[in-house]
Amino acid sequence: MSVAGKVILITGAARGLGFEYARSLGAAGAHVIAGDVADCTEAAAAAGNDAIGVRLDVIDMASCEAMAALAVERFGRIDGLVNNAALYGSLRGGRFNQIAEADWDAAMAVNVKGIWNCCKAVVPAMRQAGGGSIVNIASLAATYGMPFALHYTTSKAAVIGLTRGLARELGRDNIRVNAVAPSAVMTEGTTEFLGEKLDKGLEVIRTGQSIQRTLVPADLVGTILYLLGDGSGFVTGQTVSVDGGTVML
């Protein structure tokens, strides 16, 4: 499970899950490049170990390529990518026919196209390094089928399909591609998305879990470390549910 010395890019790292991934991977000895549309200075400081914080807009291919180029310039290689950036807290839920078209398009652009862009940006360096690991953050929304947020649910289902197809394409390059599907995690994004229904929403989610407590960011770290480390060297195309036993695949 060791990631010591590995060069790992993390998107959406300014807060929430991405911040925790940056902090934990840095503590485990990885060289972290933390990217976000928001300032990543604090995430880079938390990661330590020569970590770099950069401005990143995942829907802008040039921005993704610049992040990858910086990683290679500073550290000479890219070993891992965590595609965490996503629209969630800022989205407005509701019945499927009441979702604003602009919100639907934005969810697809960031949550799906953003992952495609970042993968395109890092794969050349991973090929040159002889392999790598890409971890895409999906969601219980996709594996369970969350209603009243069809734009978010559909985008995360697309992440799982992208993961499977890309794993088949990149296996010959020794590049592994997997997804992680967490339940609702206690982050700023979840608080914003559920709003005044936060307590009720989390209660409903907990009651569907075998382990009936609310997930926190630290609950995802072990799975992320495993998928980025060499111990999962023969694991690809998989979606690992970290949801307290809600969906059992």
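Since every read-out is calculated from the coordinates, none of them should be taken as a lab result. The shown structure was predicted, so the numbers you read here are calculated from the model rather than taken from an experiment. Please note: Cβ atoms are built from the backbone with ideal geometry, for glycine as well, and neighbour counts cover all protein chains shown.
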Q) Once amide H atoms are built 1.01 Å from N in the peptide plane, which residues 5 or more positions from Ala30, or in another chain, come under 5 Å H to H? A) Gly5
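If r is the Cβ-Cβ distance from Val216 to Arg172 and R0 is 22 Å, what FRET efficiency results, to the nearest 0.05? Present the calculation step by step, with values, prior to reporting the outcome.
Details: r = 38 Å, r/R0 = 1.72.
The value I calculate is 0.05.
Note down the Stokes-Einstein diffusion coefficient of region 7-240 in µm²/s, whole number, using a Kirkwood radius over alpha carbon pairs, 20 °C, and 1.002 mPa s.
On the way: Rh = 17.6 Å.
Value of D from the Cα-based Kirkwood radius: 121 µm²/s.
Work out the FRET efficiency for Lys197 and Phe96 from their Cβ-Cβ distance, taking R0 = 30 Å, and round it to the nearest 0.05.
Working: r = 18 Å, r/R0 = 0.60.
With R0 = 30 Å, the Cβ-Cβ based efficiency is 0.95.
Could you rank the peptides 165-172, 36-43, 12-19, 96-103 by their average count of other C-beta atoms within 10 Å per residue, with the highest value first? Numbers along the way, then the final one.
Numbers: 165-172: 14.6, 36-43: 19.1, 12-19: 25.2, 96-103: 11.8.
Descending mean neighbour count gives 12-19, 36-43, 165-172, 96-103.
Which order results if Cys118, Cys64 are arranged by neighbouring Cβ count within 10 Å, fewest first? Working shown, then result.
Numbers: Cys118 28, Cys64 24.
Result, fewest neighbours first: Cys64, Cys118.
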**Q.** For peptides 20-27, 220-227, sequence by mean Cβ density within 10 Å, most packed first
**A.** 20-27, 220-227
